[in-house]
Each structure stands twice: as structure tokens, then as C-alpha cells.
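Only one structure is covered here, and it is reproduced in the block below.
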Amino acid sequence: MELTATILAAPTAPAAANPRVLIVLPSLGTSVGALWQSAATHLGEVDPATTIIGIDLPGHGRSAPVDVPAGTSEYPQLTMSDLAEAVLATIDRVLPDVAGSPDANSASISMAGDSIGGAIALQLALDHGDRFDHAAVFCTGAKIGEPSGWLERAEVVATSGTPTQVTGSAERWFGEGFMDREPEASAALLHSLQDADRFSYAALCHALASFDVRSRLAEITLPVLAVAGAEDQPTPPTKLAEIANGISGALLEVIEGAAHLVPAEAPAVAAGLLHEFLNPDATGANSATLPTASGPREASRDEVREAGMTVRRQVLSDAHVDRANAKVDDFTADFQDLITRYAWGEIWTRPGLDKRMRSAITLTAMIAGGHEAELAMHVKAAVRNGLSRDEIKEVLLQSAIYCSVPSANTAFSVASQALAEMDDEG
């Protein structure tokens, strides 16, 4: 099984002694170019020293289909390990030429994958973690769907072709309004699905049917970034939170307005996240001076404050933080510095809990303390951090038992108004 690699972004900065390479992998039914090209272009602009290589899956994009004996429909039933080994073999084959070095191991290699591409990245992190520096997984899971559903889809596609999946994929892949806003990008993705080889697609369904590494996540030692689309149905944010919680030090990000194909739906956002993740020394996002799950490490006051301000803006929004900063005067400046460094810089930056969990805890604390204004602010923050409205409702219902019914009654009123304001703001 030989896969085809494509350079999506070539380095424009002077070559380094140890070339930096990012391997990107697509989703089931998409070509790597249709899914990743825009994000790769954005990333190349901010990270000009990195070569970005896309690898197409069997029978997708430029890669050859799986072998099927002439006159039969007997396609191979692939596993995720099969796909991971094929990707690794492709890297070893093309990297010496791309990196300008006869030794592929001399390059600094990271990987990013969406959906089944993310699953392959997890498999590679488990089986060949020593070959990679970072792994970013988008819109995926340690287990995706149920085996029966994948096997049924494999049978349908092997018999009737990939066009049978176009309508359903259009509904699952994109966040609300994306097809209207980006007709060319969505059309390219759906055309790549329609053009995919039916037997190869079916073989990949078998790989997804047998894939389940939930019990092995703790074995992964690579730095991992898990990125979810807030509107994703096949792999909702809870799937990415499971990955982030299962891997020590993993980071979780939830992208509002996006569904199952974040690299295409929000390419600039995806590129920004990858740049920060792959360049921790430049951003401080993964710096060894920041707090960790095992306890705070040495960090300067300014470093902690900078990290706190970053996560504060992520959780509360730039607009909210800008409004708060505009009100700062000599009397309140020390207090604002205190909460930025300690609440946001020391606690919210810790990787021991993902932002979804921290939001749920914070909502309960605001209800218990009767802090209505802070509760409204953190209801909006919880939505940004990936909690659904149903999940927020469950937090409020549980608070009725452990805080008090009157507290929960007030909380429902405050939360309803906060959510309505978010709707009005779009």
C-alpha cells in the first residue's frame, strides 16, 4: 500500500541544520489538498521554516486505491495500524528528498490529522512515538462511532459507491452556514468524496470499526493538542476532551462555529493553534516555566501574567477583557494583576483539567456563592470552552441538589439571559 505525498507549503526561510516538517493527514472521504491546503498556506506564512507535507489516504486524492483482484469486489479489511505503517513508510520514502538529508530521522517531524487522520496520528504516537515531536488531532476520537455502523457503511459504499455518502457528509462535515459562505471550499471537499475509490473507502471503514485505543491513551508521551469543532456530530468535543484527559499534559481547544473539518472550516484558526503548539518557545503556550499537572514550576511574574492574559482572553473573549482593562485605574490595577496572574496564570493554564471541566466547576462555584454577575460571564465562557447548552443545564440541575433549589432557580434565570445575549450577538 503506497501512499502519495504532496508538499502543501515549502519553507521560505533559510534551511536549518535539523529541518522541520509537519505531516498532515485528511479525513475519510477527503483529499489532503482539499482539507488542509488553506490551513497549510496560513501556517506557512507565520512559520516559514517548516515544510508541510500532506499524505493522501488509499484511493483518495492522489493515492492509488487498494488492491482488488480483477473481476471481484474482495477489498482488504485494513486496520489503523496498517494505515499508520503506510504513512510512516511514505515519510521515510519522501523525507530525505524534501529535507535535503539522506537521514529521515535527522528532521524534526510533527503530525496533524483530522478524523481518521487524527486516529492514524494517535496510532503512530503509540507505535512510533520516538519518531515524532508533536501530534495534533482534530475532530477525532480514541474510538469513533460503533463497529456495526462502519461495517454497514462499508457494505453500502463497496456496492454503490461514494456518491451515496455525499448528502449525509454535507450535513455532518460543516458548521451552520459554511457551505453558503465558502461554496468553493465545500464543493472541493464533496467532490473529493465523490471521486474517492469505493473499495478504498470501504477498507478505511473497516479500520475505523476496529479502532479503539481508549485504554492506551496514557501510553502516549508526545505533546498532544486535541482540537474539536463545537458543532461536530461524529466526534463532538467530549471525544477530544477524552483524549486530552487521557494523555498527560495534552491540550484541548474547541472551535466555535466549526463541525467535523476544522482545518477547512477555520483554516486561519487551525494554523494559529498549530503555530503556537509547534513553537512553544515563541509563544510560551507549552513552556516548561508554566504550571503543570504535578505542580507549579519556576516562572517569572511576567511570564505567569502573560500566560494568564492569554487564557483569560481565550475563555472570556477579547471584547470582555478589553472592556475590563479599559476600566482599570490606580485603585483596581493591583486587583486585576492579581486575578490575571493567580486565577488565570496559575490555575486556568494548568493541564490537569481541560477548559470544559474547569468551566463546569466554576459554574457550580458561582451558583454556590451567589455571584450572579460572575455566573453570567462564566455561562458565556462555558459555551466558548465547549460545553453544550444541555450540559450547562445539567450543571444547574445538579446544583439544585448540592447548593439549593433557590440558588438553582436564580442560576437558570441568569443563564437563560446570558445565553439569549449570546444569541443576539450572533
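Worth pointing out:
- Size of charge dipole - region 129-216 - debye, nearest 20, with Cβ of Lys, Arg +1 and Asp, Glu -1, no other charges: 320
- Accessible-area composition of region 148-294, carbon plus sulfur, in percent [1.4 Å probe]: 49
- Only lysines eight or more places from residue 239 in sequence, or on another chain, were considered; those with a Cα closer than 30 Å are 143, 355, 380, 393.
- For region 152-283, the gyration tensor built on C-alpha atoms gives an oblate shape. Its axis ratio a/c (a ≥ b ≥ c) is at least 1.5, and a/b is not larger than b/c.
- Student exercise, the chain dipole from Lys, Arg, Asp, Glu Cβ charges, in Debye to nearest 20: 620
- Helix-only arithmetic for the chain: the sum of -39500 (n - 2.57) across DSSP H runs with n ≥ 4, divided by the residue total, places the mean residue ellipticity at 222 nm at -16000 deg cm²/dmol.
- Using C-alpha pairs under 8 Å with a sequence gap of at least 6, the mean separation divided by the residue count of the chain gives a relative contact order of 14 percent.
- Average accessible surface area per residue within the chain, 1.4 Å rolling probe, Å²: 44
- Potential lengthening of the chain between residue 130 and residue 164 amounts to 8.2 nm, from the contour at 0.36 nm per residue minus the alpha-carbon distance.
- With Rh defined as the Kirkwood radius, the inverse of the mean 1/r over Cα pairs, the Rg/Rh of the chain is 1.00.
- Extreme residue, positive dipole direction of the chain, given options 404, 419, 326 (C-beta unit charges): 404
- Set of region 254-268 residues, backbone N closer than 17 Å to the point 7 Å along the Cα-Cβ line of residue 45: 263-268
- Size of electric dipole in region 359-404: Cβ of Lys, Arg +1 and of Asp, Glu -1, about Cα centre, debye, nearest 20: 120
- Between residue 357 and residue 372, the simple spin-label model (points 7 angstrom out along Cα→Cβ) gives 3.3 nm.
- HN-Hα J in Hz across region 239-249 - Karplus 6.51, -1.76, 1.60, θ = phi - 60°, x for Gly and Pro: 5, 6, 5, 4, 5, 4, 6, x, 10, 4, x
- Subtracting the Cα-Cα distance of residue 248 and residue 322 from their residue separation scaled by 0.36 nm leaves 23.3 nm.
- The phi-based Karplus calculation (6.51 cos²θ - 1.76 cosθ + 1.60; θ = phi - 60°) puts the 3J(HN,Hα) values of region 49-54 at 8, 9, 8, 10, 10, x Hz, whole numbers, x for Gly and Pro.
- Between the amide H of residue 174 and those of 260, distances stay under 5 Å, these residues lying 5 or more places away or on another chain, with hydrogens modeled in the peptide plane.
- Angle between the chain longest axis and helix 183-195 axis [Cα atoms, degrees, rounded to 10]: 40
The values are calculated or read from the model by the stated rules, or taken from the named source; none is laboratory data. Because the structure is predicted, anything quoted here is derived from the model rather than measured. Cβ atoms come from the backbone with ideal geometry, glycine included; neighbour counts cover every protein chain shown. In case anyone asks, the SASA skips ligands and DNA or RNA and just uses the protein heavy atoms, side chains included. Shrake-Rupley method; radii C 1.70, N 1.55, O 1.52, S 1.80 Å.
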